[in-house]
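Reviewing the structure listed below.
The values are calculated or read from the model by the stated rules, or taken from the named source; none is laboratory data. Everything numeric here is computed off the predicted structure, so don't read it as measured data. Reconstructed Cβ throughout: ideal geometry from the backbone, glycine too, with neighbour counts over all protein chains shown. Ligands, DNA and RNA are excluded from the accessible area calculation, which covers all protein heavy atoms including side chains. Shrake-Rupley method; radii C 1.70, N 1.55, O 1.52, S 1.80 Å.
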Amino acid sequence: MDKSKRHKNILDILKRRKIISVQELLTLTYSSKSTLRRDLIALEKQNRLIREYGHVKLIESKNIEYSYNARMQEHQWEKRKIAAIAMQLIDSNMTLFLDSSSTLYELTSLLNTKRNLTVVTNGIFNAEQLDQFKNVHTFLAGGRLYPGTGSVLGEYATSYLNHFKVDLTILSCSALDAHGVYMSSSKQASLKRKMMQIAKKTLLLCDSSKFEHTNYFKLSDLAAIDTIITDKAPSIALRDALITADTTLLF
């Protein structure tokens, strides 16, 4: 089993158990002691878990923004499905805002199929990928690069966005329920709100693991989102809330 699958397996076990002994985790993961130790150290560095007294504990604090590498390993199939659907709403000659999320990274890999796109992003990894495409004119927001996140954030980055008026802002979130869209970082939320204000329309890419959850920082009401793309149908209550908000749902 490769490293990303091992990490996902460990986190899936912890999501069910919350706290577990290292010995029991060894049995459940079929790992060697040395492999499990390396995996637990790596996940602890990503702020996904805590190792203490022969036990491992899941970190569930809502205001933690996990590292970019950690987010890249989660729900990869769902993100690819969502990105493929989103491509149907992007036309050649468009101007786009793309946030720095790992979900948007999946989308950027597909943009070479369109002609003459202009893309503004605060994501250094997304910008790096777009740099390979001759059909895309890429603008990277300036400001402070927050370590491990792949995100340029802060006042300078937000002010930079004032130089543009775009057709479509495409972003992700950390949680979504019938009352709104949420982020784990106030700085991320602030910059994404700015992206939404300057765009003609806003498209939210959100995998189903984020449904029916909240976080500390509210990004927007559902009505501020024109279209939400996900990987499977949400609950009836959430679908009803989207209908009331006049937000289109695609999956």
- prompt: Taking the stretch 1-28 as the region of interest, how many residues are farther than 13 Å from LEU58 by Cα and in contact with an Asp or Glu (Cβ under 8 Å, 6 or more places away or on another chain)?
  reply: 2
query: Is there any pair with a first residue in the stretch 229-251 that is open to solvent by 50 Å² or more (accessible area, probe 1.4 Å) and a second that is assigned to a strand (DSSP E or B) whose Cβ atoms are under 6 Å apart and which are 6 or more apart or on different chains, and what are they?
result: THR248/THR227; LEU250/ILE229
query: Just a yes or no: is a residue in the stretch 66-80 open to solvent by less than 30 Å² (accessible area, probe 1.4 Å) and either at pLDDT 90 or above or of a type in the set (D, E, K, R) (or both)?
result: yes
- prompt: Just one of the numbered conditions (1) modelled with pLDDT of 90 or more; (2) out of contact with any strand residue (DSSP E or B) (no Cβ under 7 Å at 6 or more places or on another chain); (3) open to solvent by 40 Å² or more (accessible area, probe 1.4 Å) is not true of THR35; which one?
  reply: (3)
message: I'm trying to understand the selection: among the residues of the stretch 155-210, which are polar (S, T, N, Q), farther than 14 Å from ASP99 by Cα and touching a residue at least 24 places away in the same chain (Cβ under 8 Å)?
response: ASN162, SER184, SER186, SER208, SER209
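Could you please let me know if VAL119 is outside any helix (DSSP H, G or I), buried (at least 21 other Cβ atoms within 10 Å of the Cβ), in contact with a strand residue (DSSP E or B) (Cβ under 8 Å, 6 or more places away or on another chain) and free of Cβ contacts under 8 Å to residues at least 40 places away in the same chain?
Working: outside any helix (DSSP H, G or I): yes; buried (at least 21 other Cβ atoms within 10 Å of the Cβ): yes; in contact with a strand residue (DSSP E or B) (Cβ under 8 Å, 6 or more places away or on another chain): yes; free of Cβ contacts under 8 Å to residues at least 40 places away in the same chain: yes.
Yes: the conditions hold for VAL119.
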field: Qualifying residue in the stretch 12-30 (condition: open to solvent by less than 80 Å² (accessible area, probe 1.4 Å), charged (D, E, K, R) and in contact (Cβ under 8 Å) with a residue 24 or more places away in the chain)
entry: no
Identity of the residue in the stretch 135-150, open to solvent by less than 40 Å² (accessible area, probe 1.4 Å) and at pLDDT 95 or above, that ends up nearest to TYR105 (Cα to Cα): VAL136
- prompt: If you take the residues of the stretch 194-210 that are open to solvent by less than 30 Å² (accessible area, probe 1.4 Å) and modelled with pLDDT under 95, which of them is farthest from SER184 (Cα to Cα)?
  reply: ILE198
